[in-house]
Amino acid sequence: MMDVWGRASSSNSAKVFWTLDELGIAYTLRQAGGEFGGLDTSNYLEMNPNARVPTLVDGSLVLWESNAVVRYLAAQYGSASLWPVAARERAVSDKWMDWASINFGPAMFALRRGLKGEPAAADVNALRARVDGLARMLDHVLSGSPYAGGERLGIGDVALGPHVHRWTLLDTPPDHLPALRSYYLRLCTHRAYKRHVVDALT
């Protein structure tokens, strides 16, 4: 059985938990990070020198960086489902995984900090405009397909999912982007997404 170090309130951990449950993989959760601490111990740092969560141990494989973990799980255990066999189809979903981490995720993180009044955050209006522009881009893409990578849930959706959920929690009503709103409701039909993202992340 796999071991996963992480915590429910971490969006990066949530991606891994969601993937494991989506694929029906049994694992043992080792609570770590946040209120659980333990990331600065020598044992943990030997596994993950970044002192962050999540970390996955699958036999002799020790893996960190949530996207790498999701890719591994999907390729090893989810071929033809989360991990399409066709390279072109897989690449489209993979593209959105990178986009979520490089663009949408950081923009959402900065805006959420700004809305909390953190002094290091930039102008909230500028942050909101950045997020809205990215959300509009995603809405446009999703107007032509049910999922980011096409007709089926894929690794790109796993990366996007936590950020889209937090986007729905912003004080700006999301109804002006109907395709993105429908996408969120579609993700909510996946039991593992509801459990590990919607019910766990604020």
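The values are calculated or read from the model by the stated rules, or taken from the named source; none is laboratory data. Everything numeric here is computed off the predicted structure, so don't read it as measured data. Virtual Cβ from ideal backbone geometry, glycine too; neighbours counted across all protein chains shown. Remember, those area values only see protein heavy atoms, side chains included, never the ligands or the DNA or RNA. Shrake-Rupley method; radii C 1.70, N 1.55, O 1.52, S 1.80 Å.
Any chance you could count how many residues in the stretch 51-103 are over 15 Å from Tyr147 (Cβ atoms), within 17 Å of the chain's Cα centre (by Cα) and among the aromatic types (Phe, Trp, Tyr)? So the answer is 2. The C-beta contact set for the stretch 23-37 (first residue of a type in the set (Ser, Thr, Tyr), second residue surrounded by 14 or more Cβ atoms within 10 Å (Cβ to Cβ) and in a helix (DSSP H, G or I), distance under 7 angstrom, 6+ apart or interchain) comprises Tyr27/Leu20.
Kindly provide the set of residues from the stretch 3-37 that are of a type outside the set (A, V, I, L, M, F, W, C) and assigned to a helix (DSSP H, G or I), ordered by number. Result: Ser11, Asn12, Ser13, Lys15, Thr19, Asp21, Glu22, Gly34, Glu35.
Scan Leu170, Leu185 and give me the residue that is out of contact with any Pro (no Cβ under 7 Å at 6 or more places or on another chain), more than 30 Å from Ala80 (Cβ to Cβ), assigned by the TED database to the domain that holds Ala91 and not β-branched (Val, Ile, Thr). Outline the logic, then answer.
Details: Leu185 fails: more than 30 Å from Ala80 (Cβ to Cβ).
After applying the criteria, what remains is Leu170.
Quick check on my filter: what residues within the stretch 150-164 are open to solvent by less than 10 Å² (accessible area, probe 1.4 Å) and part of a helix (DSSP H, G or I)?
Step one: filter the stretch 150-164 for residues open to solvent by less than 10 Å² (accessible area, probe 1.4 Å), giving 154-162, 164.
Selection gives Ile155, Gly156, Asp157, Val158, Ala159, Leu160, Gly161, Pro162, Val164.
Among all residues of the stretch 85-100, there is none that is touching a helix residue (DSSP H, G or I) at 6+ places or on another chain (Cβ under 9 Å) and assigned to a loop (DSSP other than H, G, I, E, B).
Within the stretch 171-179, one or more residues are modelled with pLDDT of 95 or more, open to solvent by less than 50 Å² (accessible area, probe 1.4 Å), within 28 Å of Asp21 (Cβ to Cβ) and in a helix (DSSP H, G or I). Of the residues making up the stretch 1-13, those that are of a type in the set (A, V, I, L, M) and either over 14 Å from Tyr27 (Cα atoms) or in contact with a Leu (Cβ under 6 Å, 6 or more places away or on another chain) (or both) are Val4, Ala8.
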